[in-house]
Amino acid sequence: QVQLVESGGGLVQPGGSLRLSCAAPGSIFSIYDMGWYRQVPGKQREFVATITSAGSTIYAEFVKGRFTISRDNAKKTVYLQMNGLEPEDTAVYYCHAERVYDYWGQGTQVTVSS
């Protein structure tokens, strides 16, 4: 079992930035592929970004170079730096870990509004 604890969500104006963090204490963090997904009420959860255990990254098309995923294996934490936020980025953001099995965090709300 892997426990994922997200933080860093909140309210930000359009064009602003937020950095989400996801800690996985007690896990062998470095062996997991880590990622971020998001979900809007009434819609399916969608992929945002992933970083593999080897450090390779993949992004959703809508990220358009605005978001950066990174990981610090010593701190057992994955980050999502979000710049140029748009109202359409408003969603609950979920941390995801994968190695044979999938694990999810509880989600953190990001609201982009003026």
remark   = Expected unfolding gain across Asn73-Thr90 under the 0.36 nm per residue rule, minus the alpha-carbon gap, is 3.3 nm
request  = With +1 on each Lys and Arg Cβ and -1 on each Asp and Glu Cβ, and nothing else charged, work out how big the dipole of the chain is about its Cα centre, in Debye to the nearest 20.
outcome  = 200
inquiry  = Based on Cα coordinates alone, diagonalise the gyration tensor for the chain, multiply each eigenvalue by 5, take square roots, and list the semi-axes in whole Å, largest first.
reply    = 23, 14, 13
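With r defined as the distance between the Cβ atoms of Thr57 and Ser17 and R0 fixed at 22 Å, what FRET efficiency is calculated, to the nearest 0.05?
0.75
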query = Got a sec to turn the phi values of the stretch 98-108 into Karplus ³J(HN,Hα) couplings, 6.51 cos²θ - 1.76 cosθ + 1.60 with θ = phi - 60°, whole Hz, x for Gly and Pro?
reply = 9, 6, 6, 10, 9, 10, 10, x, 7, x, 9
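Considering only protein heavy atoms and a probe of 1.4 Å, how much of the accessible area of the chain is carbon and sulfur, as a whole percent? List each step's numbers first, then the result.
Numbers: 2950 of 6110 Å².
Whole-percent figure for carbon plus sulfur exposure: 48.
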note = Amide H contacts under 5 Å for Phe67, restricted to residues at least 5 apart in sequence or on another chain and with H modeled in the peptide plane, are Asn83
query = Whole-Hz Karplus ³J(HN,Hα) for the stretch 72-82, in order, using 6.51 cos²θ - 1.76 cosθ + 1.60 and θ = phi - 60°, x for Gly and Pro?
reply = 10, 5, 5, 8, 6, 9, 10, 10, 9, 8, 10
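Kirkwood Rh over alpha-carbon pairs of the stretch 38-79, then Stokes-Einstein at 4 °C and 1.567 mPa s: what D in µm² s⁻¹, rounded to an integer?
On the way: Rh = 11.7 Å.
Answer, rounded: 111 µm²/s.
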Highest-MSF residue in the chain out of Val92, Val48, Val100 [GNM, Cα springs under 10 Å] = Val100
query = Each label point is 7 Å from the Cα along the Cα-to-Cβ direction; what then is the distance between the points at Val100 and Gln1, in nm?
reply = 1.7
note = When the charge dipole of the stretch 1-110 is computed with +1 on Lys and Arg Cβ and -1 on Asp and Glu Cβ about the Cα centre, the Cα farthest towards its positive end, among Gly107, Gly65, Ala23, belongs to Ala23
remark   = Going residue by residue through the stretch 56-68, the Karplus relation 6.51 cos²θ - 1.76 cosθ + 1.60 with θ = phi - 60° gives ³J(HN,Hα) values, rounded to whole Hz and with x marking Gly or Pro, of 6, 10, 9, 10, 5, 4, 5, 5, 6, x, 7, 10, 9
task = Name the most mobile residue of Arg45, Arg19, Arg99, meaning the one with the largest mean-square fluctuation, in a Gaussian network model of the chain with Cα contacts below 10 Å.
result = Arg99
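The values are calculated or read from the model by the stated rules, or taken from the named source; none is laboratory data. Here the structure is a predicted model, which means the values were calculated and not measured. Methodologically, a virtual Cβ is constructed for each residue, glycine included, from the backbone with ideal geometry; neighbour enumeration extends over all protein chains shown. These accessible areas exclude ligands, DNA and RNA; they are computed on the full protein's heavy atoms, side chains included. Shrake-Rupley method; radii C 1.70, N 1.55, O 1.52, S 1.80 Å.
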